[in-house]
Amino acid sequence: MIQVENLVGGEFIVTAECFDDISPLDNSIVAQIPRTKNVDNAVLAATQAQPSWGGLDMDERCDWLDKIADILEKNIEEVARLESLDTGKPHHVSMGVDANRSVNNFRFFANFGRSIKSETFEMEDATNYVLRKPVGVVGLISPWNLPLYLLSWKIAPALLMGNTVIAKPSEITPLTAHYLGKLCTEIGLPNGVLNIVNGYGPEVGQAIVEHTGIKAISFTGGTATGKIVAATAAPMFKKLSLELGGKNATIVMEDADLDIAVPGVVRASFLNSGQICLCGSRVLIHSSIYDDFMSRYLEELNELEIGPVINVEHRNKVMSYIELAKKEGGQILAGGNVLDKPGAWIEPTVIAGLPHTSRTATEEIFGPVVTIHKFENDAEAIEMANCTNYGLAGSVWSKSKGREIAEQIDSGMVWVNTWLHRDLRVPFGGIKDSGVGREGGMWSVGFFSEAINICVMED
């Protein structure tokens, strides 16, 4: 069994009280997790470390990000193993998505930092110089579905811009964050630059959000929790980035190339057992191709390997929505059952026959469940796509009018003839109940720095 430890000021610490980390594969206990309730020591360590870290030049901090990427890449098999142990996802998903993209996040921001140019604005009699200063100590709170991938997405730009970090991984999936802390210590990352604290969200997560020494909060998680974070942080005038839930539409137009669309839509539906905020959990299909598409979609689904959902509690939540769908008049085309084996296993589930305004079709389920809806024309597809309170992502599958349709979707991100194809330079984030703020490229640089203008009058 693994003993997870907090990393505070370069030291690994276990609290007096711990709780179990349970694998969704078989409900076995795989680790003990510290139950941290305050972050005063971590904030002190980060505060003391920040001046020297922020005083390094950009290239030096970029070199450190490369060192982190190198050590992660050297140990990538262990990263993937721990991620699968903690989340239950198949090894190929842990390796291809979680482990590789965690390395890429650090590598990208190292290279991106070297490309940032100083900004100047000339006037007739003066020159304006834009200086980017660190925010200071920042709090980073990440979810359980893509543990190290999403945490590294925050840590890398935060460190790049000269901040020191208080990171809180999900209490459900702490193993790879703990391993990252071990690796960063191994390469000699200065003490206090990266601090990792573990525990329950309402306890240590809330302590991070409300601590006066933490100047910015980047949070990824559910919309309900995001509202609590905002209610605490906003009156304190902290910088705030919230990447929240989604109920994303996948739109398959009448001219879609089904050889591309069918496997792409299945992947968008069920990757990571549907536990990605970007997953297309509502599949909208033009009536003229509905029968052909569904026949191929269900056949493709039969070949799909997925893992369990994150735990039994979440499995019960997902199953409650499947029961709700039946009550709302839905027809189960595939799946719908708990698998008879230890752990938190659910069959990938496809539901048709529901109104697109039903609860099942508009509320976030965050599991291997999709609803199928037929549409007759472009206007109807757009109306159906935009009918939820969420606006995170979506995809459109069409040979001729994908971009035209995509531009009318009320979401922060829309893919055309692909899904989850990421350029780390572009803005990432949602609208409506899917959050506020953007991360990625210069958007991350902007969030994790304070832009200061210096106007110099010419002699």
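What follows is calculated from the coordinates using simple rules that are stated; it is not laboratory data. Bear in mind the structure is a predicted one, so any value in this text is a computation, not a measurement. Using ideal geometry, Cβ is built from the backbone for each residue, glycine included, and neighbour counts are taken over all protein chains shown.
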Checklist entry - Which three semi-axes in whole Å describe the equivalent ellipsoid of the chain, each the square root of 5 times a Cα gyration tensor eigenvalue, listed largest first? => result 38, 28, 19
Next on the checklist: Over the chain, what is the relative contact order in percent, taking alpha-carbon pairs closer than 8 angstrom and at least six residues apart?
Outcome noted: 18
Item to check | Calculated [θ] (222 nm, deg cm²/dmol) that DSSP helices of n ≥ 4 give over the chain, each run adding -39,500 (n - 2.57) | outcome: -11000 deg cm²/dmol
Next on the checklist: Give the residue list of GluC sites (Glu not before Pro) in segment 1-66 that are DSSP loop and have at most 14 other beta-carbon atoms within 10 angstrom.
Outcome noted: Glu17
Item to check | GluC sites (Glu not before Pro) within segment 79-169, DSSP loop, no more than 11 other Cβ atoms inside 10 Å | outcome: Glu124
Item to check | Segment Asn27-Thr127, extension gain: residue separation times 0.36 nm, minus the distance between their alpha carbons | outcome: 29.7 nm
Item to check | Relative frequency of Cα-Cα separations exceeding 28 Å in segment 146-301, percent | outcome: 39
Item to check | Cα centroid separation, segment 315-351 to segment 1-49 (Å) | outcome: 34
Checklist entry - Suppose R0 equals 41 Å; then what is the FRET efficiency for Ser288 and Arg425 from their Cβ-Cβ distance, rounded to the nearest 0.05? => result 0.65
Checklist entry - So which of Lys89/Lys182; Lys74/Lys238; Lys341/Lys374; Lys247/Lys317 end up more than 25 Å apart by C-alpha? => result Lys74/Lys238; Lys341/Lys374
Item to check | Calculated FRET value between Lys74 and Gln48, using beta carbons and R₀ = 22 Å, to 0.05 | outcome: 0.15
Checklist entry - Once you put a point 7 Å from the Cα of Ala334 and another 7 Å from the Cα of Lys399, both along the Cβ direction, what distance in nm separates them? => result 2.4
Checklist entry - In whole angstrom, how long is each semi-axis of the equivalent ellipsoid of segment 1-141, when you take the square root of 5 times every eigenvalue of its Cα gyration tensor and sort them from largest down? => result 37, 22, 12
Checklist entry - Which peptide among 217-224, 443-450, 329-336 comes first, and what is the full order, when sorted by highest mean count of other Cβ atoms within 10 Å? => result 217-224, 443-450, 329-336
Next on the checklist: Counting C-alpha atoms alone, how compact is segment 73-225: give Rg to one decimal and Dmax as a whole number, in angstrom.
Outcome noted: 17.4, 63
Checklist outcome for this item: Given Cβ charges of +1 for Lys and Arg and -1 for Asp and Glu, the option among Gly402, Thr418, His314 whose Cα lies farthest towards the positive end of the dipole of segment 249-423 is His314
Checklist outcome for this item: Ala234 and Val436 label points (each 7 Å along its Cα→Cβ direction) are spaced in nm at 0.5
Checklist entry - Please state the relative contact order of segment 1-158 as a whole percent: Cα pairs under 8 Å, 6+ residues apart? => result 20
Checklist entry - Can you give the relative contact order of segment 249-423 as a percent, counting alpha carbon pairs under 8 Å and 6+ residues apart? => result 29
Item to check | Sum of side-chain charges, Gly402 neighbourhood, beta-carbon under 15 Å (Lys, Arg +1; Asp, Glu -1) | outcome: -3
Checklist entry - Quick one: if the Förster radius is 60 Å, what FRET efficiency do Glu119 and Lys341 give, using the C-beta to C-beta distance and rounding to 0.05? => result 0.55
Item to check | Percent of beta bridges antiparallel (DSSP, the chain, rounded to nearest 5) | outcome: 45
Next on the checklist: Using just the Cα positions, wrap segment 249-423 in a convex hull and report its mean projected area in square nanometres, one decimal place.
Outcome noted: 9.4
Checklist entry - Where does the charge balance sit around Leu146 when Lys and Arg score +1, Asp and Glu -1, over other residues with C-beta under 10 Å from its C-beta? => result 0
Next on the checklist: From the convex hull of the Cα coordinates of segment 353-459, what is the mean projected area in square nanometres?
Outcome noted: 10.4
